[in-house]
Structure formats: C-alpha cells, structure tokens
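Everything below concerns the one structure shown next.
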Amino acid sequence: MTTRRPYPVYKDSGIEWLGEIPAGWKLLPLRRVIEKFVDYRGKTPAKVEEGIPLITARNIKNGNIDTRISQEFIPEYLYDGWMVRGFPEIGDVLVTTEAPLGATAQITETNIALAQRIILLKENKNYLDSDYLRYNFLSLSGQGELWSRATGSTAIGIKASKLKAIFVTLPPLPEQRAIAIFLDRETARIDALIAKKQRLIELLQEKRTALISQAVTKGLDPDASIKDSGVEWIGRIPVGWQVRKLRFLIKNGLVNGLFKKKDAFGRGTKLVNVSDLYQEDFLVSHANLDRVDATHDEIGRYSVNEGDIFFVRSSLKLEGVGASVCILEVPELTVFECHVVRARPDRTIIEPMFLTFVLNSSLARQRFIALAETTTMTTISQMKLSSIEIPFPQLTEQREVIRYIESETSKIMGLISNIQTVIEKLQEYRIALISAAVTGKIDVRETV
C-alpha cells in the first residue's frame, strides 16, 4: 500500500473528536446539505410471493444492497401508496436507523420498495456528492456521529431529527467526487483481495468436509479390501466394517428437549439450543449458554451427559438440518431445548465422536435432505432419523479415525484462522482508508 500525503494546510474543525480538517473544507449538519429525508416508518406492507422487491434493513450490508440475504416482495398495486413519501432514484443514499444502526448503501435500481428502519437521503447537488456521502457514513467518523446520537437500550436506534443534526465534512464538490473515485478504486482492490481469501477458506472447508467423509466411510487404509455396504447412498465400505441403523447404536432412543422461556437474568440451569450447535469443531462451548428455570423432574428427563450428541430436526436452511454436535464434558448441570434431538451413543459399539463425524459427513447430510419434509421449514422426523444407516468399524479403528480427523482438520482450521486474520486486517485497513480520506487526513487529489 502506497504512502498517502497529508494536505498542506489544516484548520481546527471545532469538534474535539474530529480534530483538524483541511483548510477550505466545511463542517455542516446534514440538514443543511440534504434536500429531502424520507422516513419509511409506519405499518408493515402486505407481503406476496412475487412483486416489487422490498428492501429491509437486513439487505443493507457492507455498503451495498444485497437482495440474497432476505427476499421479500410487496404487490405492485400497493407500491405507489407505500412509497408516496418519496420514490427512490439512482444514487440516493440509504441509512438504517435500527437493527442494525448505520448500515449504508446507494440506490442502483429504482424498481424497489423500502421497508421500515430505513431513511432515504436525497442530496442537495449544490453542496454534496451522493457517492461521497455514502463513504462518509461508512467511515469511523460517520459511524461515530450516528452512534453518539442514538438512543435505546435493547434496540439502539436514531430518530430522523437526530440524524439531521449529524455533522458531515464537506470538501469542495470537485474534491468530493475525486475522493469518491479514489475510494471506489481502492476499496474495489481491497474487496477483490478479500474475495480471494474468502474463496480460499471455502476451498479449505470443502477439503475438510471431504476428508471427514472419506475417513468415516472408507477408513484410513487406501489398500484395504472393500465390499458392498448394501446401502445405495453409502456405497462400498472396507471389509470388516458394519452398517446399522442409528436406533441400534444409541441408548434410550431419540429424545426431544423441553421448551421454556430463557431466563433474561442468567440464573437457573444452562441450556443447549439450536444456535449453540453450529460449531466448527463439533463441540458445544458452555461459556455462553443461555439459562432456563427447570424443575427437578425436567432436569431428570432432559439433563445432558458426557458424550451426548445433539441433532437439529428443523431448519430454515437445508444445510442446517442434521447439524450434530458432541458433548465431551459437562462442567455443570445442563438441559436442552425442544428443537434439538438428543442421542446417547452405546459406547460398547460406537464412539460418540465417530458417530458425530458420520452425521456431519457430506453423504449423511445429503441423506438428511432427501428424507426431510419441507413445509414452512425443512424438518426430519425422529422415525426417519433413527432409521438412517451408519457405517462403522471396530472401536479400535474408530479411535484411529477420530485421531486422524482431529489432527488433519486441526491443520486445516489453523490455515483458515490465519486467512481470517488477514481478512480482518484488510477490512480494518478498508475502514481506515475511507475514514482518512473523508476527514482529510490524506490528500488523494493527485491520485485520481
């Protein structure tokens, strides 16, 4: 990254946290440079399967509108009435006012409707360039201004009146455009690097999944004699391995958990819920578990033991069905919720961790999806889950497979962790570069 020069002359901005700004720049409240604020607070519009795309606060991420995150639509006949306060135009800036606060994007197509918790800003073209404004909101100073004027406890948000009072640094218009062009170019380069790193992580995760699937269905000896498993989706397995249905490998059958409201004050018995089960190492962390007030009888029926395996029966995402996680230790009394099915493996036949690896293999996941029933969410019944076939060798070989998988996946996860650190640094640099440019800490005029 090349070194950036400062401006030749600075002046005091009059704001302590901002410090000095370049001579010739102004500092004005947003109300002075925005021609129109459009607040879409009000009733939620009727939703339909197809129609005008409805952009919600969830769709605004990383400076862009991402319709893949959430896809909702309103009927075309409602569009004019819903958007009567102000129709979007190319270049208009969007700012989310709550959940999350301060996400920002620009309008790139006009055939959209905007939901609650979004304010649309139409700039006064005599003072402000909309591309520059977007970067101002993406900067540390812009985010700081938003959060400093926000209110609320459980849900932090900002009112339109407070948003209008936010200060924005204003170079001359040609300079604003130069800064926006510079940041478009430089952030595109950073984003391309990040995308390559993220793709590398995806490839490593695919390698990890393939390694687990190979080890738990074919074993570790590539020269071992193989036989037909008798199960089409499993295929051929090493001689000496067995295949049994899950119900014959567990004790006490499959059990649903209890359903209770979580304790907001953190007292009571620890609770394993669905969100705790999506772990890279397939082990539940007890550090951040929620708590519930469970009775003595409930604790007796739903308590967690060392080696228990948890299976998610229902998910809004196909790939989520079948997420299984093994409990290797239970440091204190713990129960589990109803969305999760508990299995207690028979350790005289199968090791809990080996069974966990099988249930998390790509072959097993494909089988879960094939057996699942899709209504409002994808669900697999306990009967179908208990009938899924599990390939396994003798206990001694299972333990060898476990050690191999843990060793090899640990190396892969180490590489992924290192790449994630690089991505975080690139993201930090991106924000720092934007912040330096829109506050005048660097002079980018000659680089455009």
Highest mean packing first, using Cβ neighbours within 10 angstrom, the peptides 239-246, 103-110, 9-16 sort as 103-110, 239-246, 9-16
Based on alpha-carbon atoms only, what is the radius of gyration of the stretch 220-392 relative to the globular estimate 2.2 N^0.38 Å? 1.08
Which of the lysines could be linked to Lys218 by a straight reach, that is with a Cα gap under 20 Å, when you skip same-chain ones fewer than 8 residues away? Lys207, Lys227, Lys245
What size of dipole, in debye to the nearest 20, comes out for the stretch 86-203 about its Cα centre when the only charges are +1 on Lys and Arg C-beta atoms and -1 on Asp and Glu C-beta atoms? 260 debye
What list do you get for Met353, Met83, Met413, Met383 if you sort them by fewest beta carbons within 10 Å? Met383, Met413, Met83, Met353
Can you give the percent of C-alpha pairs in the chain whose distance is more than 44 Å? 32 percent
Just name one of Tyr7, Leu30, Val330: the one whose Cα is farthest towards the positive end of the charge dipole of the chain (beta-carbon charges, Lys/Arg +1, Asp/Glu -1). Leu30
Cβ neighbours within 10 Å, averaged per peptide: list 199-208, 49-58 in order, most packed at the top. 49-58, 199-208
When Tyr132, Tyr404 are ranked with the fewest other C-beta atoms within 10 Å first, the list becomes Tyr404, Tyr132
Leaving out same-chain residues fewer than 8 places away, which lysines sit with a Cα under 21 Å from that of Lys47? Lys317
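Treat the count of other C-beta atoms within 10 Å as a stand-in for reagent exposure and order Tyr77, Tyr40 from fewest to most.
With the sparsest Cβ surroundings first, the list reads Tyr77, Tyr40.
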How would you order 361-368, 274-281 from highest to lowest mean count of nearby Cβ atoms within 10 Å? 361-368, 274-281
Cα-Cα longer than 24 Å, checked against Lys61/Lys162; Lys197/Lys411; Lys125/Lys164; Lys122/Lys441; Lys159/Lys425, kept in input order, equals Lys122/Lys441; Lys159/Lys425
Which one of Val330, Val438, Val168 has the biggest mean-square fluctuation once the chain is modelled by GNM with Cα springs under 10 Å? Val330
Volume per residue, Å³, of the convex hull around the alpha-carbon atoms of the stretch 51-189? 122 Å³
Ellipticity estimate at 222 nm from DSSP helix runs (n ≥ 4, -39,500 (n - 2.57)) divided over the chain, nearest 500: -11000 deg cm²/dmol
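Give the shape of the stretch 171-291 as rounded, prolate or oblate, defined through the alpha-carbon gyration tensor: a ≥ b ≥ c are the square roots of its eigenvalues, a/c under 1.5 means rounded, and otherwise the shape is prolate if a/b is larger than b/c and oblate if not.
In terms of gyration-tensor shape, oblate.
Let me know the shape class of the stretch 257-301, please: from the alpha-carbon gyration tensor, a ≥ b ≥ c as square roots of the eigenvalues, rounded when a/c is under 1.5, otherwise prolate if a/b is greater than b/c, or oblate.
The shape class here is prolate.
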Sorting Ser407, Thr439, Ala165 by the position of each Cα along the dipole of the chain (Lys, Arg +1; Asp, Glu -1; all at Cβ), the one nearest the positive end of that ordering is Ala165
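Here, each number is a calculation from the coordinates, and none is a lab measurement. Everything quoted here is computed from the prediction, not taken from an experiment. Virtual Cβ from ideal backbone geometry, glycine too; neighbours counted across all protein chains shown.
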